[in-house]
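Inspection log for the structure reproduced underneath, given as structure tokens.
The values are calculated or read from the model by the stated rules, or taken from the named source; none is laboratory data. Keep in mind that this is a model prediction, so the values were computed, not measured. Positions of Cβ are backbone-derived with ideal geometry, glycine not excepted, and every protein chain shown enters the neighbour counts. Remember, those area values only see protein heavy atoms, side chains included, never the ligands or the DNA or RNA. Shrake-Rupley method; radii C 1.70, N 1.55, O 1.52, S 1.80 Å.
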Amino acid sequence: MRAPVVFVGPTLPRAEVAALLPAARILPPVRHGDLLRLDAGAGDTVLIIDGLFLQAASVRHREIMYLLQRGVTVAGSSSMGALRAAELWPYGMRGFGEIFRLYRDGEIDGDDEVAIVHGTAEDDYRAYSDPLVGIRIALRDAAAAGAISDRDAGLMLDVAIAIPFRSRGFRALESAVRAHVPARSVEAFRTWRSAYDTDAKAADARLLLAAAATGDSALCPAGPGDWPVRNVHTWMFDRWEHRFHGTGTGDEWVADADAAAALRLVHPAFPDLHRRYVLSRVAGLDPDHPALAEGAVAAARAKGLRVPGPDPASTDWLTARDLALPEDEALATLLVRAFGVVHGGSRSRWDLPPDLRTPAMMSWGREVVTAARRCHDRLLGPADGGPRRRFRAEVTDQVIAGHWGCDPGDLTGHAWDRGIADLPALRRLAEPFVALLKSRPTGTIGVGGDRVTDVAWPRLP
């Protein structure tokens, strides 16, 4: 990624953005996750003009701070870009234009100042309402020019604020203010607007794009004069990153989270690698230590941990079959499950054993996901715009049990051994791979890596 990325619509049409910044990669209004999909790094530029906030989750501050930390130049104007820049300018996000200044200086603070109703990508995000901030600036400038009085401008602004943002606009304002200000003031305001461009959002967007086109020195990455960005990688952010970040495989885009799910479910060495990884953290030893299990059990006993009684109801992690194991082995199994299960259905490569986080392993996981999607479409048919068809829970159980070589009634324990919290979580994770497992029982895909160089796995012809 080197061409500047511009998130825009409806503030400016795509054609105008392309004319002002010919090298730009133009994307729809930004939403939660879009910045993480970019794989942007030092030297890249991201310009945010418009963003979604009601029909989709809005772009998070931490997503922008992640880019700033990576040396990406991030700037905003006009709408969502101005709002986020006013909130994050101390950390190095650059703001351009009047609307950014109003937010930054505290003259306005409501999200609804820039909120409008607009159409879809098919009609180039055509606007169906006017933003409050645009009305506010127009009234201020009209009063400053002497077209209307300060008093009438204030009354008209109060009326505009009271109009819900979905219905807000200059025409709605003219109708609503007639009971509050003289008709001559309404007409004078309309006449003034017809003579002057009052689209403040568009003006600010053009200012930002001009800065990018001319290489304005104000458009630069965060530096020594900005507050340092710290603590971006919370556990929640890591889930976002691996849900939205990914890589293309042929014509398919595969999120890191989906590739990690494939490794968790179908990599033949996963249970052993996972067990070693968890026990190594408990014991404080290397995963390849010859006495790893013994060290983990000793560490657990030193903390007072013991295997529960013979009743399976006395523990959340051991079945009746597990409780029949030798005590040390049962305790090691308990440790793997108690400390190794990924809760909440989250899927992140950071939850994988280190040997499976390598680029080669993640690439193999993406190949598996791509093959599974194609196989699902062949077996059940493509969605064709409708809801995706799914396998029944009992079918998923049977296929996964067959692949793991266990009885369907024992799936819960085997899921725990792969870090999966329960049977419903397993079904959600495994269902997308069922068609692939049903369709091609033989074949191999070669995988480079430190431990595994050839993994038995179905492949499509």
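Things to note:
- Enumeration of residues in the stretch 222-268 that are over 22 Å from the mean Cα position of the chain (by Cα) and either crowded, with 20+ Cβ neighbours inside 10 Å or within 18 Å of ALA425 (Cβ to Cβ) (or both): ALA222, LEU265, VAL266, HIS267
Condition check ((1) aromatic (Phe, Trp, Tyr); (2) at pLDDT 90 or above; (3) outside any helix (DSSP H, G or I)) across all residues:
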position	(1), (2), (3)
TRP350	yes, no, no
ASP355	no, yes, no
MET362	no, no, no
GLU367	no, no, no
ARG374	no, no, no
LEU379	no, no, no
ASP384	no, no, yes
PRO387	no, no, yes
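- Residue within the stretch 19-31 that is closer than 13 Å to ARG206 by Cβ, open to solvent by 30 Å² or more (accessible area, probe 1.4 Å) and without any contact (Cβ under 8 Å) to a residue 24 or more places away in the chain present: yes
- Exclusive hit being farther than 24 Å from VAL30 by Cβ, surrounded by 13 or more Cβ atoms within 10 Å (Cβ to Cβ) and in contact (Cβ under 8 Å) with a residue 12 or more places away in the chain, set ASP130, ASP112, ASP152, ASP124: ASP152
- Total residues in the stretch 92-106 satisfying the condition of being part of a helix (DSSP H, G or I) and free of Cβ contacts under 8 Å to residues at least 12 places away in the same chain: the figure is 1.
- Test: residue in the stretch 201-208 that is at pLDDT 90 or above, of a type in the set (D, E, K, R), in contact with a strand residue (DSSP E or B) (Cβ under 7 Å, 6 or more places away or on another chain) and under 29 Å from ARG126 (Cβ atoms): yes
- Only one of the numbered conditions (1) part of a helix (DSSP H, G or I); (2) within 39 Å of the chain's Cα centre (by Cα) is violated by ASP109, and that is (1).
- Among residues of the stretch 158-189, those that are open to solvent by 70 Å² or more (accessible area, probe 1.4 Å), closer than 19 Å to ILE116 by Cα, in a helix (DSSP H, G or I) and of a type outside the set (Gly, Ala, Ser), counted: 3
Here is a yes/no grid of residues against (1) among the aliphatic types (A, V, I, L, M); (2) touching a helix residue (DSSP H, G or I) at 6+ places or on another chain (Cβ under 9 Å); (3) loosely packed, with under 15 Cβ neighbours inside 10 Å; (4) at pLDDT below 95:
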position: ASP288; (1), (2), (3), (4): no, yes, yes, yes
position: GLY304; (1), (2), (3), (4): no, no, yes, yes
position: PRO310; (1), (2), (3), (4): no, yes, yes, yes
position: ASP322; (1), (2), (3), (4): no, yes, no, yes
position: ALA330; (1), (2), (3), (4): yes, yes, no, yes
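- Unmet requirement for LEU36, which otherwise passes all of (1) among the aliphatic types (A, V, I, L, M); (2) open to solvent by less than 40 Å² (accessible area, probe 1.4 Å); (3) closer than 29 Å to ALA255 by Cβ; (4) out of contact with any Asp or Glu (no Cβ under 6 Å at 6 or more places or on another chain): (4)
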